[in-house]
1. Suppose the filter is in contact (Cβ under 8 Å) with a residue 40 or more places away in the chain, open to solvent by 10 Å² or more (accessible area, probe 1.4 Å) and under 27 Å from Ser229 (Cα atoms); does Val65 pass it?
2. Would you mention how many residues in the stretch 125-181 are closer than 17 Å to Trp52 by Cβ, part of a loop (DSSP other than H, G, I, E, B) and not aliphatic (A, V, I, L, M)?
3. Among (1) touching a Gly at 6+ places or on another chain (Cβ under 7 Å); (2) outside any helix (DSSP H, G or I); (3) modelled with pLDDT of 90 or more, there is one condition Leu217 misses while meeting the rest; what is its number?
4. Give me the residue from the stretch 1-24 that is assigned to a helix (DSSP H, G or I) and of a type in the set (D, E, K, R) and, out of that set, farthest from Val177 (Cα to Cα).
5. Within the stretch 141-152, which residues are of a type in the set (Val, Ile, Thr), surrounded by fewer than 23 Cβ atoms within 10 Å (Cβ to Cβ) and either in contact with a Leu (Cβ under 8 Å, 6 or more places away or on another chain) or in contact (Cβ under 8 Å) with a residue 60 or more places away in the chain (or both)?
6. Would you check if there is a residue in the stretch 73-86 being more than 13 Å from Asn138 (Cα to Cα), open to solvent by 50 Å² or more (accessible area, probe 1.4 Å), within 19 Å of the chain's Cα centre (by Cα) and without any contact (Cβ under 8 Å) to a residue 24 or more places away in the chain?
7. For Ser155, which of the numbered conditions (1) of a type in the set (Gly, Ala, Ser); (2) within 20 Å of Val62 (Cα to Cα); (3) buried (at least 22 other Cβ atoms within 10 Å of the Cβ) fails to hold?
8. Mind listing whichever residues of the stretch 158-184 are of a type in the set (A, V, I, L, M, F, W, C) and open to solvent by 70 Å² or more (accessible area, probe 1.4 Å)?
Amino acid sequence: MGKIKGIVYLTSRWIRRQPLWLVQDLFIVIGFAILMFVWGGITGLKNVLVAWFISGGWSMGVNLVAQSIGWDKQGKTMDMFIASPVKPFHYIFGYFISGLVFMLADFIYMLPLIMFLNAWLIVLASLVAVAPLMVISNLVGLSIVMRIKKPTNISAITNPIQMMLIILPPVFYPASVLPSTLRYIVLLIPTAAGAEIARQLSGLSTWNNLWYPVAVLTIWVVLGILASSRVVRWGME
């Protein structure tokens with residue numbers, strides 16, 4: 001536990017130096033809340049709660065954690081951790097814990113909206129759905145950044161993947177608006193599957209087929225473990 005605490009401490013120093021990185025999320029939350037209210041009224045606001053938890057969990061792994069580890073690898077900072085008693089689990093999990101500050105900040109920003117809508121069931125359902133999604137996003141992110149050879153390509157690859165799998169699939173909008181055939185195809189995307197699970201558990205979805213998105217996330221977890229295990233190397237391995 002002490003090793004993980006050390007990683008968390010070292011990787012969270014930016015909070016004191018650049019706290020505005022947390023504040024910028026506030027404006028994004030407000031902007032999306034206004035947009036969704038204009039589009040769908042109270043139902044739109046409820047959907048934005050689901051979307052924000054799902055998008056936050058996905059972004060934390062694919063973009064924040066994986067990108068930070070990628071820069072450590074390119075900048076040789078990872079060599080310092082390899083030379084220490086720190087193991088891969090301590091290193092990756094430490095980055096994961098420090099990244100949770102963004103999820104906490106977003107929850108605080110959304111708290112007035114949650115209380116106004118009395119949407120605690122939506123919050124609980126979203127947390128259940130986002131837990132496996134964060135595992136997947138970290139594994140997928142690691143599988144990507146550990147293969148990147150040029151440092152300048154890290155953000156250019158992870159940022160589009162982050163945004164593409166949040167904006168295009170049914171994350172901010174329900175999958176039930178899509179035709180049945182297309183719905184099964186689109187829900188193969190992990191972010192869409194996670195959002196659908198949250199909507200079904202909270203009663204926002206009119207589609208009653210929970211097993212399918214659950215199976216999709218399970219398969220993604222297995223694929224993520226297999227893919228990341230092939231690229232994550234520690235020391236002389």
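1. no
2. 5
3. (2)
4. Once the filter is applied, the top-ranked residue is Lys3.
5. Step one: filter the stretch 141-152 for residues of a type in the set (Val, Ile, Thr), giving 144-145, 148, 152.
Right, trim to surrounded by fewer than 23 Cβ atoms within 10 Å (Cβ to Cβ) and you get 144, 148, 152.
If the condition is that a residue be of a type in the set (Val, Ile, Thr), surrounded by fewer than 23 Cβ atoms within 10 Å (Cβ to Cβ) and either in contact with a Leu (Cβ under 8 Å, 6 or more places away or on another chain) or in contact (Cβ under 8 Å) with a residue 60 or more places away in the chain (or both), then Ile144, Ile148 are the ones that fit.
6. Within the stretch 73-86 (the criterion being more than 13 Å from Asn138 (Cα to Cα), open to solvent by 50 Å² or more (accessible area, probe 1.4 Å), within 19 Å of the chain's Cα centre (by Cα) and without any contact (Cβ under 8 Å) to a residue 24 or more places away in the chain), the answer is no, since none of the residues qualifies.
7. Unmet for Ser155, out of (1) of a type in the set (Gly, Ala, Ser); (2) within 20 Å of Val62 (Cα to Cα); (3) buried (at least 22 other Cβ atoms within 10 Å of the Cβ): (3).
8. Correct list: Met163, Met164, Ile167, Leu168, Val177, Leu182.
The values are calculated or read from the model by the stated rules, or taken from the named source; none is laboratory data. Since the model is a prediction, treat every value here as computed from it, not as a measurement. So basically every Cβ, Gly included, is an ideal-geometry build from the backbone, and we count neighbours across all protein chains shown. Keep in mind that these areas ignore ligands, DNA and RNA; they rest on the heavy atoms of the full protein, side chains included. Shrake-Rupley method; radii C 1.70, N 1.55, O 1.52, S 1.80 Å.
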